[in-house]
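Below is one structure, written out as structure tokens, with a few remarks after it.
The values are calculated or read from the model by the stated rules, or taken from the named source; none is laboratory data. Since we're looking at a predicted model, the values are computed, not measured. Methodologically, a virtual Cβ is constructed for each residue, glycine included, from the backbone with ideal geometry; neighbour enumeration extends over all protein chains shown.
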Amino acid sequence: MESDANISIGSEMDIVAARRAGRVLALNLGFSGPEVTMIATAISEIARNIVVHAKRGTISLARIHNQNRAGLRIVARDDGPGIRDVQQAMRYGYSSCQGLGVGLPGAKWLMDEFHIDSGSGKGTVVTMKKWLRS
Amino acid sequence: MVAVLNQETLVTAVTTMSRNFSNLAGRYLRTLRKFATTKREADLEQAYALGRKAMSLKFGVLDMARIHQAALASLLAKPTDGKREKLLEAAEVFFLEALSPFEVTHRGFNEANRRLQRLIAEKEKRNHDLAVINDRLTAEIRRRKLTEKALRQSEQHYRRLFDDARAMEEGLRDLSNKVLDVQEDERKRISRELHDETGQALTAISVTLASLGRNEQISGIGQQRLHEAQDLLRSTMETIHNFARELRPAMLDELGLLPALRSYLAAFAERTGLHIRFRANPLAEALTANAKIVLYRVAQESLTNVAKHAQAQRVDFRIRKVNSRISMMISDDGKSYRELPPEVLKQEHRLGLLGMQERVRLVNGQIAIRPRVGKGTTINVLVPLNGAVERRENNLAALG
């Protein structure tokens with residue numbers, strides 16, 4: 001499946017760019033206003049995660065389909081230090097540096113599907129999907 | 001004082017809160033105005049950041065609605081050059097963005113809540129399981145307590161029975177002790193009676209008969225009758241003498257155990273034709289009077305049994321000192337009672353054995369009857385030499 005956009009992430013500006021790309025794609029796919037906002041927020045969170053912990057990485061956006069629905073897939077990839085305890089990182093209220101602890105679990109709650117593959121020293125790949133309501 | 005302080009603290013908090021609120025509202029208005037004209041994504045992210053800031057300052061969704069409403073009213077108050085529609089559109093996107101941190105938190109709470117419900121359900125199930133186990137344990141404890149109580153009661157019951165039996169045995173022993181004492185006294189009295197009164201009378205008759213025999217006026221036939229009477233008298237005197245000795249040898253009281261036994265054995269051997277070998281340690285005379293009588297009676301009973309049933313040739317009779325006790329050992333070479341036909345082994349015989357055992361026990365002695373097939377019987381009696389009371393206590397202690 002081809003990506004519709006690849007955004008390299010390395011600064012606050014890149015975060016904004018990723019949000020913008022995600023918002024545009026989501027609007028094109030026909031997501032509602034609140035859903036678009038949620039997608040933008042989720043992208044914001046994983047992009048900020050890259051900037052804060054790995055310094056650099058990429059975010060890829062793609063349209064996807066299953067049998068009867070269209071959707072949006074977001075993949076965030078970095079070669080940073082990785083997350084030692086993924087389960088702990090996904091717990092509500094956990095945050096390595098931000099006060100609110102929205103971060104990765106926040107992104108998960110805003111999306112329909114969320115998968116994270118990480119470990120100490122092996123970087124992090126986060127894959128998230130949101131499906132259009134039929 | 002405290003109330004005043006609290007009041008002040010509250011006032012300070014409220015003041016801080018409203019200052020934060022105005023700051024936030026101002027920033028919100030400025031950013032929204034900018035976004036409405038530029039439509040830049042960066043300003044939308046600012047909206048998101050403002051939402052987070054509001055949350056961190058403990059403001060709620062309703063506060064955000066007020067801030068948004070005020071900002072929108074302020075923007076709409078100025079002429080919009082027909083861009084009113086676009087302004088409203090931008091305001092909606094901006095508002096959603098500002099509210100999205102609340103949405104995230106709300107969803108997070110929902111998930112935490114679901115997890116909590118699951119945990120509570122699990123806990124309740126576990127509580128239920130524990131309660132079931134607890135009930136079972138309680139029932140088990142109750143059952144065990146009942147069993148324990150029953151055991152204790154039955155133990156007490158048996159202890160009472162045991163104590164009763166022991167008291168009864170004690171009483172019986174006292175009684176048989178008394179019976180034996182009385183029996184000995186009675187025998188002694190009858191024996192003395194026979195010896196002193198009857199014996200003297202018979203002696204007097206004998207003297208009279210002898211003087212009659214010297215009377216020449218008594219004819220031949222009279223003399224013959226006289227001789228017959230004298231013979232009868234002599235054998236009667238002997239019978240009575242034996243009987244008196246059997247009952248209670250005066251010798252036992254006057255000369256001691258060993259002379260009495262020796263004399264008895266000699267008479268017994270003569271009467272039965274048994275060969276009796278007698279060896280004795282003179283220390284046996286140091287025994288108590290009761291112990292001596294017991295040994296004498298056991299010797300009598302044993303020899304009577306040997307003569308009655310054993311068809312023995314020889315009897316070996318030995319009295320020794322063994323540590324602080326005197327041992328009397330009687331061995332015969334006849335048939336042991338195990339070889340006797342059951343009809344011979346009658347109650348009388350059993351009673352004799354039982355009587356011996358009882359007598360020995362009363363002086364804190366021990367008796368062992370060892371029948372050996374083909375080799376006769378050995379009876380061994382052990383009686384304490386001194387300190388009968390002390391030994392009795394030792395025996396009791398040893399019995400536990």
Point to revise | Output for segment B:92-134, where each listed residue is touching a Leu at 6+ places or on another chain (Cβ under 7 Å) and either more than 9 Å from chain A (Cβ to nearest Cβ) or of a type in the set (S, T, N, Q) (or both) | key: B:Phe94, B:Ala98
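For segment B:128-140, state whether one or more residues are in contact with a helix residue (DSSP H, G or I) (Cβ under 8 Å, 6 or more places away or on another chain), surrounded by 10 or more Cβ atoms within 10 Å (Cβ to Cβ) and on the phi < 0 side of the Ramachandran plot. Before the answer, list the steps.
So the first thing to find is which residues in segment B:128-140 are in contact with a helix residue (DSSP H, G or I) (Cβ under 8 Å, 6 or more places away or on another chain), and the list is none.
Within segment B:128-140, none of the residues are in contact with a helix residue (DSSP H, G or I) (Cβ under 8 Å, 6 or more places away or on another chain), surrounded by 10 or more Cβ atoms within 10 Å (Cβ to Cβ) and on the phi < 0 side of the Ramachandran plot.
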Exercise for review: Could you list, in sequence order, all residues of segment B:269-299 that are in a helix (DSSP H, G or I) and either touching a Phe, Trp or Tyr at 6+ places or on another chain (Cβ under 7 Å) or crowded, with 22+ Cβ neighbours inside 10 Å (or both)?
Suggested key: B:Ala284, B:Ala291, B:Lys292, B:Ile293, B:Val294, B:Leu295, B:Val298, B:Ala299
Review point. From the list B:Phe162, B:Phe94, B:Phe109, which one is in a helix (DSSP H, G or I) and under 30 Å from B:Lys39 (Cα atoms)?
Key: B:Phe94
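Counting just the residues of segment B:43-57 that are without any contact (Cβ under 8 Å) to a residue 24 or more places away in the chain and surrounded by fewer than 18 Cβ atoms within 10 Å (Cβ to Cβ), which one comes out farthest from A:Met13 (Cα to Cα)?
Among those residues, the one meeting the criterion is B:Ser56.
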Practice item. Check segment B:78-89 and report whether any residue there is within 14 Å of another protein chain (Cβ to nearest Cβ) and more than 15 Å from B:Arg27 (Cα to Cα). Key: yes
Point to revise | Failed item in (1) under 53 Å from the mean Cα position of the chain (by Cα); (2) more than 22 Å from B:Glu184 (Cβ to Cβ), with B:Leu212 passing the rest | key: (1)
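Just checking, which of B:Leu287, B:Leu247, B:Leu258, B:Leu295 is in contact with an Asp or Glu (Cβ under 8 Å, 6 or more places away or on another chain), touching a residue at least 60 places away in the same chain (Cβ under 8 Å), under 24 Å from B:Arg187 (Cβ atoms) and of a type in the set (A, V, I, L, M, F, W, C)? Even if it seems obvious, please write down each step before you answer.
Values: B:Leu287 fails: in contact with an Asp or Glu (Cβ under 8 Å, 6 or more places away or on another chain); B:Leu247 fails: in contact with an Asp or Glu (Cβ under 8 Å, 6 or more places away or on another chain); B:Leu295 fails: in contact with an Asp or Glu (Cβ under 8 Å, 6 or more places away or on another chain).
Just one listed residue meets the conditions, B:Leu258.
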Check your understanding: Hey, A:Arg63 hits all of (1) of a type in the set (D, E, K, R); (2) outside any loop (DSSP other than H, G, I, E, B); (3) touching a Ser or Thr at 6+ places or on another chain (Cβ under 6 Å) but one; which does it fall short on?
Key -> (3)
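Surrounded by 10 or more Cβ atoms within 10 Å (Cβ to Cβ) and modelled with pLDDT of 90 or more: does that describe B:Asp185? Please lay out each step first, then the result.
Numbers: surrounded by 10 or more Cβ atoms within 10 Å (Cβ to Cβ): yes; modelled with pLDDT of 90 or more: no.
Spelling it out, it is not the case that B:Asp185 is surrounded by 10 or more Cβ atoms within 10 Å (Cβ to Cβ) and modelled with pLDDT of 90 or more.
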Check your understanding: Does A:Ser44 satisfy being over 18 Å from B:Tyr48 (Cβ atoms) and within 12 Å of the chain's Cα centre (by Cα)?
Key -> no
Review point. Would segment A:37-48 turn up any residue that is of a type in the set (S, T, N, Q), within 21 Å of A:Ser118 (Cα to Cα) and more than 9 Å from chain B (Cβ to nearest Cβ)?
Key: no
Practice item. Identify, by number, the condition in (1) over 21 Å from B:Val306 (Cα atoms); (2) of a type outside the set (A, V, I, L, M); (3) surrounded by 14 or more Cβ atoms within 10 Å (Cβ to Cβ); (4) at pLDDT 90 or above that B:Gly199 doesn't meet. Key: (4)
Review point. Which of the following residues is more than 30 Å from B:His241 (Cβ to Cβ), in contact (Cβ under 8 Å) with a residue 60 or more places away in the chain and in a helix (DSSP H, G or I): B:Arg118, B:Arg114, B:Arg173?
Key: B:Arg173
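Go through B:Ala250, B:Ala260, B:Ala267 for me and flag whichever is at pLDDT below 90, closer than 14 Å to B:Gln300 by Cα and among the small types (Gly, Ala, Ser).
B:Ala267
Which residue is modelled with the lowest pLDDT, if the candidates are limited to segment B:369-400 and must be part of a loop (DSSP other than H, G, I, E, B) and under 36 Å from the mean Cα position of the chain (by Cα)? Steps first, please.
Narrowing segment B:369-400 to residues part of a loop (DSSP other than H, G, I, E, B): B:373-375, B:385-387, B:400.
Checking the rest, the ones that are also under 36 Å from the mean Cα position of the chain (by Cα) come to B:386-387, B:400.
Working: B:Asn386: 75, B:Gly387: 52, B:Gly400: 36.
Taking the candidates together, the pick is B:Gly400.
Kindly indicate whether any position in segment B:56-74 is assigned to a helix (DSSP H, G or I), over 60 Å from the mean Cα position of the chain (by Cα) and within 12 Å of chain A (Cβ to nearest Cβ).
Filtering segment B:56-74 down to residues assigned to a helix (DSSP H, G or I) leaves B:56, B:61-74.
Still in the list and also over 60 Å from the mean Cα position of the chain (by Cα): B:56, B:61-74.
With the extra rule that they be within 12 Å of chain A (Cβ to nearest Cβ), the set shrinks to B:56.
The answer is yes, given that some residue of segment B:56-74 is assigned to a helix (DSSP H, G or I), over 60 Å from the mean Cα position of the chain (by Cα) and within 12 Å of chain A (Cβ to nearest Cβ).
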